[in-house]
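These notes are about the structure you will find just below.
The values are calculated or read from the model by the stated rules, or taken from the named source; none is laboratory data. What you see is a predicted model; the values in this text were computed from it and never measured. Glycine gets a Cβ as well: all are built from the backbone with ideal geometry, and neighbour counts include every protein chain shown.
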Amino acid sequence: MSLSDTFKGLTKSAHAVSGLGERIGDLPRVSRWSLIALFIFSLYLMPWWPEVPVLGWLVDTPGTSFEGVITDKVVIYVLVALGLNVVVGLAGLLDLGYVGFYAIGAYVVGILSSQHANLPWLVCVPIAVIVSMIAGVILGTPTLRLRGDYLAIVTLGFGEIIRISANNADWLGGSRGISKIAKPPNIGPLKFGVLDAKPYFFLGLTVIIITVFFLRRLENSRVGRAWNAVREDEDAAELMGVPTFKFKLWAFAIGAAIGGLAGTLYAGKVRFINPSNFPLQLSILFIAAVVLGGTGNMWGAVIGGAVVGWMPERFRGFADKRVFVFGVALVLVMVFRPQGLIPRKIRKERWLANWKQRESEGGEVARG
Amino acid sequence: MADAILSVNNVTMQFGGVTALSDVNFAIERGEILGLIGPNGAGKTTCFNVITGVYAATSGSVTFDNQPLAGLKRFQITKRGIARTFQNIRLFPDMTAVENVMVGADANHKTSVGGALLGSRRHHREEREGRDRAMELLTFMGIADRAADAARNLPYGYQRRLEIARALATGPKLLCLDEPAAGFTPAEKQELMDLIRKIRAQGYTVLLIEHDMSLVMGVTDRIVVLDFGKVIATGSPADVQNNPDVIAAYLGVPDDAA
Ligand SMILES: Nc1ncnc2c1ncn2[C@@H]1O[C@H](COP(=O)(O)OP(=O)(O)OP(=O)(O)O)[C@@H](O)[C@H]1O
Ligand SMILES: [Mg+2]
């Protein structure tokens, strides 16, 4: 087989993969849902993936626990990427301080379950999400009147302010941080302890699935359209009756809430947080996840988050060069797929087929 | 004018040292097609921008439906019933044609985050309404065959029509078209003018900017002529055509020679 044949084969399979979602969408209802159920089931089996032949060799993280990687990194990064994708990918607002919301989520759990009160984790979560959301609104209200670079710079500052404040405030534990944070409650056979990471993984995956479900609803509504319109041409959107500020603020608030939610999962898992867990670098990594996956594509965000969370651990064998390897891998992806692994697609208006049908039926009725 | 839907009252618009509009006065009557013409740089687009709230007039006011528009946000002005197109096409390029129009239709919708998350009844009704309205308008504009294509991939003529469909979807009382036939062949222009007449026949009031004088003569009921930011003539197409100031402006004859 010649080189060009190989290349053709490769591009073909890339197309096949990126067209997969569409094909599944075209399937009849029953087969579609069974496929989706099967897929979700296989995700819940992820802790056992390293034991599968080939796949195991591909995904396993030598030198560190795979289970640990998928709970501490992959799940968290995927959730964060989903939230950040709403802000950056859908509404087109460059937020470089997203780690701030993640930190707020984690710190609220820390404060309420250990530092200043003894509330259970499950009670802390909704409070943390609401506080993160409010923080998003507070940051967004003045800054969303800014555009482009200005917004990026202000949000960058926000992320740092949160971290530095936590470092300097004794009531937030200062640089020592907060320990003995509450863990999620046991659910039947799922015991959230220190030995077994799986329950945390199942919890995180479930949260991700629920988040995806609701984000899809938003995307397929007036809200999603408004976000897209703002990203494409903010002035034109406003002149077509889109209350742009309101919807930008919503994007910010929802993004912040999801970031905060990821923070609560993190805090509940590691049970010890300090300001150095929330560096600026993490914001950049989150952006990298969204861009790598495919800005504006929710599935892209999921893949991007997973890859950015997992890959540095996969290359742990390279010891101190692993970040370099990770960087090279990122650059390669961006060279060969500049729109990300799963680029944003032009929406496929499935209902149009039905609409045409209805029209022609109507026409026949009129003629008859 | 008793039944003016929109009136522009003593509007002056300055950009630094440039006076783009100077003490402009005119009114649009309900149900008419008013032409706004003038040479390059006369201030026509600026006039649109003041009406639709893109710029706040340096002085003067705009009244729509007997209410002043001052202080309203741009999207609020649209919701009051003024929609526009752009001289330089400004569609949402990566969204499909039908989605572009649905964004316009959403100006009449109320579903927000809560309704979308819960999949409220109103959300479903509005989605259906939006789709139906969008397809109806695309069909009316004769571009429904490309409804599912990204706006950026549409031919130029389709893009121009799509802008009109999107503007109509907002449910305007007044439709402002900024050189909608720019770049068209004479035949295409004629077709578009017929379409504009049809739009008016459905009860819309139309404010039409057009460069091509002869074209405007055919469709408009009245014409306002701008030159260097000033209204130099207002009247029926025939009157305006024979107005020496207008002829001078168009032929570039200096004022004192006219
Ligand atoms: N934002 C702005 N800042 C500075 N000057 C402006 C601005 N907008 C318009 N102008 C100036 O105002 C004058 C009128 O411009 P305008 O675009 O309204 O003309 P027009 O009649 O639409 O011309 P055309 O037929 O070329 O579209 C021009 O001299 C232009 O340079
Ligand atoms: Mg102009």
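Per this entry, residue B:58 is not counted among residues that are among the hydroxyl-bearing types (Ser, Thr, Tyr) and within 17 Å of residue B:172 (Cβ to Cβ).
Checking each residue in region A:188-244 for being under 26 Å from residue B:94 (Cβ atoms) and of a type in the set (D, E, K, R) picks out A:216, A:217, A:219, A:222, A:225, A:231, A:232, A:233, A:234, A:235, A:238. Here residue B:157 passes the criteria (1) of a type in the set (Gly, Ala, Ser); (2) at pLDDT below 90; (3) not assigned by TED's automatic domain parsing to the domain that holds residue B:25 except the one numbered (2). If you check B:187, B:249, B:182 for being crowded, with 19+ Cβ neighbours inside 10 Å and of a type outside the set (Ser, Thr, Tyr), only one passes: B:249. Within region A:229-243, the set of residues being surrounded by fewer than 24 Cβ atoms within 10 Å (Cβ to Cβ), at the interface with chain B (Cβ under 7 Å from one of its Cβ atoms) and assigned to a helix (DSSP H, G or I) comprises A:232, A:236, A:238. Scanning region B:53-76 for residues that are crowded, with 16+ Cβ neighbours inside 10 Å, aliphatic (A, V, I, L, M) and within 16 Å of ligand 1 (Cβ to nearest atom) turns up B:54, B:57, B:62.
Working only within region A:110-129, note down all residues that are among the hydrophobic types (A, V, I, L, M, F, W, C) and surrounded by 14 or more Cβ atoms within 10 Å (Cβ to Cβ).
Step one: of region A:110-129, the residues among the hydrophobic types (A, V, I, L, M, F, W, C) are A:111-112, A:117, A:119, A:121-125, A:127-129.
Within region A:110-129, A:111, A:112, A:119, A:121, A:123, A:124, A:125, A:127, A:128, A:129 qualify.
For residue A:214, the criteria (1) touching a residue at least 24 places away in the same chain (Cβ under 8 Å); (2) under 15 Å from the mean Cα position of the chain (by Cα); (3) facing chain B (nearest Cβ under 7 Å) hold in every case but one, which is (1).
Examine region B:172-179 for a residue that is within 12 Å of chain A (Cβ to nearest Cβ), more than 16 Å from ligand 1 (Cβ to nearest atom) and under 14 Å from the mean Cα position of the chain (by Cα), and state whether such a residue exists. Can you show your working first?
Within region B:172-179, the first condition is being within 12 Å of chain A (Cβ to nearest Cβ), and the residues that meet it are B:172, B:176, B:178.
With more than 16 Å from ligand 1 (Cβ to nearest atom) added as a condition, the list becomes B:172.
Those left that are additionally under 14 Å from the mean Cα position of the chain (by Cα): B:172.
For region B:172-179, residues within 12 Å of chain A (Cβ to nearest Cβ), more than 16 Å from ligand 1 (Cβ to nearest atom) and under 14 Å from the mean Cα position of the chain (by Cα): present.
If I ask for residues that are outside any helix (DSSP H, G or I) and surrounded by fewer than 20 Cβ atoms within 10 Å (Cβ to Cβ), which ones from region A:163-176 would you list? So that I can check it myself, show each step before the final result.
Of the residues in region A:163-176, the ones outside any helix (DSSP H, G or I) are A:169, A:173.
Scanning region A:163-176 gives a single hit, A:169.
Taking residue B:142, is it facing chain A (nearest Cβ under 8 Å) and modelled with pLDDT under 95? No: the conditions fail for residue B:142.
Evaluation of residue B:40 against the conditions (1) within 16 Å of ligand 1 (Cβ to nearest atom); (2) buried (at least 23 other Cβ atoms within 10 Å of the Cβ); (3) away from every other protein chain (no Cβ under 14 Å); (4) at negative phi shows that the sole unmet condition is (2). In region B:193-227, the qualifying residues are those that are in a loop (DSSP other than H, G, I, E, B) and within 14 Å of ligand 2 (Cβ to nearest atom), and the one that is modelled with the highest pLDDT is B:210.
Within region B:146-164, does at least one residue satisfy the condition of being away from chain A (no Cβ under 13 Å) and closer than 19 Å to residue B:200 by Cα? Yes, because at least one residue in region B:146-164 is away from chain A (no Cβ under 13 Å) and closer than 19 Å to residue B:200 by Cα. Just to be sure before I move on: is residue A:135 part of a loop (DSSP other than H, G, I, E, B), touching a residue at least 60 places away in the same chain (Cβ under 8 Å) and either over 26 Å from residue A:205 (Cβ atoms) or in contact with a Phe, Trp or Tyr (Cβ under 9 Å, 6 or more places away or on another chain) (or both) in the structure I sent? Criteria not met by residue A:135. Evaluated against (1) buried (at least 21 other Cβ atoms within 10 Å of the Cβ); (2) at the interface with chain A (Cβ under 7 Å from one of its Cβ atoms), residue B:47 falls short on exactly one condition, (2). Take the conditions in contact (Cβ under 8 Å) with a residue 12 or more places away in the chain and more than 10 Å from chain A (Cβ to nearest Cβ) and apply them to residue B:129. Does it pass? The answer is yes for residue B:129.
Please go through region B:1-15 and give me each residue that is surrounded by fewer than 20 Cβ atoms within 10 Å (Cβ to Cβ) and either within 14 Å of chain A (Cβ to nearest Cβ) or within 16 Å of ligand 2 (Cβ to nearest atom) (or both), ordered by number. Correct list: B:15 only.
Of everything in region B:16-49 that's touching an Asp or Glu at 6+ places or on another chain (Cβ under 9 Å) and small (Gly, Ala, Ser), which residue is farthest from ligand 2 (Cβ to nearest atom)?
Start the filter on region B:16-49 by keeping residues that are touching an Asp or Glu at 6+ places or on another chain (Cβ under 9 Å), which leaves B:29-39, B:42-45, B:48.
Then drop every residue that is not small (Gly, Ala, Ser), which leaves B:31, B:35, B:38, B:42-43.
Details: B:31: 25, B:35: 14, B:38: 9, B:42: 8, B:43: 8 Å.
Among those residues, the one meeting the criterion is B:31.
Here the condition is being under 23 Å from the mean Cα position of the chain (by Cα), in a helix (DSSP H, G or I), surrounded by 13 or more Cβ atoms within 10 Å (Cβ to Cβ) and modelled with pLDDT of 90 or more; of A:37, A:106, it holds for A:106 alone.
Determine whether residue B:93 is within 14 Å of another protein chain (Cβ to nearest Cβ) and on the phi < 0 side of the Ramachandran plot. Against the criterion (within 14 Å of another protein chain (Cβ to nearest Cβ) and on the phi < 0 side of the Ramachandran plot), residue B:93 qualifies.
Annotation: residue B:111 fulfils all but one of (1) within 16 Å of ligand 2 (Cβ to nearest atom); (2) within 7 Å of chain A (Cβ to nearest Cβ); (3) hydroxyl-bearing (Ser, Thr, Tyr); the unmet one is (1).
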